[in-house]
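K.L.:
Structure incoming, see below.
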Amino acid sequence: MRVYPAIALLLSFVICTPGLAQTTYQTDASHAVILDAETGEVLFSRNADEAMPPASMSKMMTVLMLIEAIEAGSLSLDDELPVSEYAWRTGGAASGSSTMFLEVNSRARVDDLLRGIIIQSGNDACIVVAEAIGGSEAAFADMMTDRAHELGLTSASFANSTGWPHPDHRISALDLARLARILIEDHPDYYDIWSEREFTYNGIRQYNRNPLLGVFSGADGLKTGHTEESGYGLVGSAERDGERRIIVFNGMSSNNDRATEAERMMRSALSDYSLYRLFEAGDPVDHQAEVFMGEAPTVALRVSSDVTAGLHRRARRDLSVSVSYDGPLVAPVQEGDVVGTLTVEAPDYEARTYDLVAAESVAEKGLMGRIGAAIAHMLRG
């Protein structure tokens, strides 16, 4: 295996200063992730792939299911859905949990239920929606899990529509961030609701619990969560100067700690982290692979896909890029053949590898050329 140092194109990024960049972001959250909304690139991660109890943050999936039902035409914003005794007793005023204060045996407009879930975090509203779409909350939870897996949110396992504590109700911080990205990008007509500061239903005014709204410029979503098991968590999003970041964290010890961490993490997400485009698909690298028995002694290499790295500004100075291939390559080599890898590494960044392909074809030598090359090879030992 031949390994080469960073290529010349990236010398401006490769300045080795060991020990300079330590942990790029410190947080007391048990699980956290910062995501670039445009690309889906992970900029910071702490236990982000580990399934965790999401509390009310999982209501984003309930909202997605409702929005998809509306867009499919099976429900409309003007439809009125029945409030069952189960929904009222389990998630309404009688439950003592987050509620929209729906009245038992009443009917509620889908438009109101949507705001009741997003703004008021109403457990009763979630159950009403679940029963209307799935027939029962348990069946709806299975539908939520199946749909999440279809969307690539493989850590998701839902046991209810509300986020109420249950050992089988889990999803990772990273998948929550990806779910937020789906809501933002694929369903923009409904996204403004996430930034509404208050909603009044049944004469009761309740306020959006998102601590970023009205405090952090550019913040416009999405959802808080809290149970004894999960601690205090947040899925937040903000946009500044055309850049949007999504943050997710969980496991804070108090409401005040959550508010402080939300602002601090979002500020860092937008100020300290950037997405660096190192190569575009088809760009050459500054090394050539040796070719044995080829009409040409070497072949140029190109990257097969875009190469980007989302990094803290302090980690950027320790970025390194290396090229490797099993060589020499044996002719014939076809243009586009995968012949090596390019590896990107940096502090607090999970190393990534990208395929390198042959930039052109190299034919095998003729018979006499192969004999001559074999003799030369033997003479060289």
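The values are calculated or read from the model by the stated rules, or taken from the named source; none is laboratory data. Please read all numbers here as calculations on a predicted model, not as lab measurements. Virtual Cβ from ideal backbone geometry, glycine too; neighbours counted across all protein chains shown.
K.L.:
Find the residue count for region 176-206, including only residues that are closer than 22 Å to Arg147 by Cβ and assigned to a loop (DSSP other than H, G, I, E, B).
P.N.:
Count: 1.
K.L.:
Would you please name the residue that is surrounded by the most Cβ atoms within 10 Å (Cβ to Cβ), looking only at residues in region 340-365 that are among the β-branched types (Val, Ile, Thr) and modelled with pLDDT of 90 or more?
P.N.:
By that ranking, first place goes to Val344.
K.L.:
Pick out the one residue from Phe140, Phe199, Phe158 that is in contact with a strand residue (DSSP E or B) (Cβ under 8 Å, 6 or more places away or on another chain), surrounded by 13 or more Cβ atoms within 10 Å (Cβ to Cβ), at pLDDT 95 or above and more than 21 Å from Gly251 (Cα to Cα).
P.N.:
Phe199
K.L.:
Can you tell me which of (1) without any contact (Cβ under 8 Å) to a residue 40 or more places away in the chain; (2) closer than 30 Å to Leu222 by Cβ is the one Val248 doesn't meet?
P.N.:
Failing condition for Val248: (1).
K.L.:
Report whether or not Ala259 is in contact with an Asp or Glu (Cβ under 9 Å, 6 or more places away or on another chain), within 23 Å of Ser172 (Cα to Cα) and either part of a strand (DSSP E or B) or not assigned by TED's automatic domain parsing to the domain that holds Asp348 (or both).
P.N.:
Taking the combined requirement at face value, the residue does not satisfy it.
K.L.:
Follow-up. Within the group Leu64, Leu81, Leu43, which residue is farther than 21 Å from Ser155 by Cβ, among the aliphatic types (A, V, I, L, M) and in the same structural domain as Ala132 (by TED's automatic domain parsing)?
P.N.:
Within the list Leu64, Leu81, Leu43, the selection yields Leu81.
Every residue, every condition in (1) part of a loop (DSSP other than H, G, I, E, B); (2) surrounded by fewer than 17 Cβ atoms within 10 Å (Cβ to Cβ); (3) in the same structural domain as Glu243 (by TED's automatic domain parsing), yes or no:
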position: Asp49; (1), (2), (3): yes, yes, yes
position: Ser58; (1), (2), (3): no, no, yes
position: Ala69; (1), (2), (3): no, no, yes
position: Leu102; (1), (2), (3): yes, no, yes
position: Ala108; (1), (2), (3): no, no, yes
position: Asp111; (1), (2), (3): no, yes, yes
position: Met144; (1), (2), (3): no, no, yes
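K.L.:
For region 86-107, give me each residue that is in contact with a strand residue (DSSP E or B) (Cβ under 8 Å, 6 or more places away or on another chain) and in contact (Cβ under 8 Å) with a residue 60 or more places away in the chain.
P.N.:
Met100, Phe101, Leu102
K.L.:
Suppose we filter region 237-256 for residues that are out of contact with any helix residue (DSSP H, G or I) (no Cβ under 7 Å at 6 or more places or on another chain) and either over 19 Å from His226 (Cβ atoms) or assigned to a helix (DSSP H, G or I) (or both); how many remain?
P.N.:
Residues meeting the conditions: 6.
K.L.:
Considering only residues that are crowded, with 21+ Cβ neighbours inside 10 Å and under 14 Å from Pro284 (Cα atoms), look in region 317-338 and name the one that is farthest from the chain's Cα centre (by Cα).
P.N.:
Val323
K.L.:
Could you check region 287-316 and list, in sequence order, the residues that are surrounded by fewer than 18 Cβ atoms within 10 Å (Cβ to Cβ), outside any strand (DSSP E or B) and over 24 Å from the mean Cα position of the chain (by Cα)?
P.N.:
Hits for region 287-316 are Glu295, Ala296, Pro297.
K.L.:
Among the residues of region 80-120, count how many are more than 26 Å from Glu68 (Cβ to Cβ), modelled with pLDDT of 95 or more and not aliphatic (A, V, I, L, M).
P.N.:
Number satisfying all stated conditions: 5.
K.L.:
Here's a follow-up. Please specify each residue of region 207-225 satisfying the condition of being assigned to a strand (DSSP E or B) and crowded, with 19+ Cβ neighbours inside 10 Å. Let's see the steps before the verdict.
P.N.:
Kept after step one, since they are assigned to a strand (DSSP E or B), are these residues of region 207-225: 207, 219-225.
Listed by number, the residues that qualify are Ala219, Asp220, Gly221, Leu222, Lys223, Thr224, Gly225.
K.L.:
Hey, any hits in region 288-306 for a residue that's aliphatic (A, V, I, L, M) and closer than 29 Å to Ala180 by Cβ? If you could, list the steps in order and put the result at the bottom.
P.N.:
In the first step, residues of region 288-306 are kept if they are aliphatic (A, V, I, L, M); the result is 289, 291, 293, 296, 299-301, 303.
Adding the requirement that they be closer than 29 Å to Ala180 by Cβ leaves none.
The answer is no, given that none of the residues of region 288-306 is aliphatic (A, V, I, L, M) and closer than 29 Å to Ala180 by Cβ.
K.L.:
Test of understanding: among Glu280, Glu261, Glu228, which residue is surrounded by 14 or more Cβ atoms within 10 Å (Cβ to Cβ) and not polar (S, T, N, Q)?
P.N.:
Of the residues listed, the single one that is surrounded by 14 or more Cβ atoms within 10 Å (Cβ to Cβ) and not polar (S, T, N, Q) is Glu261.
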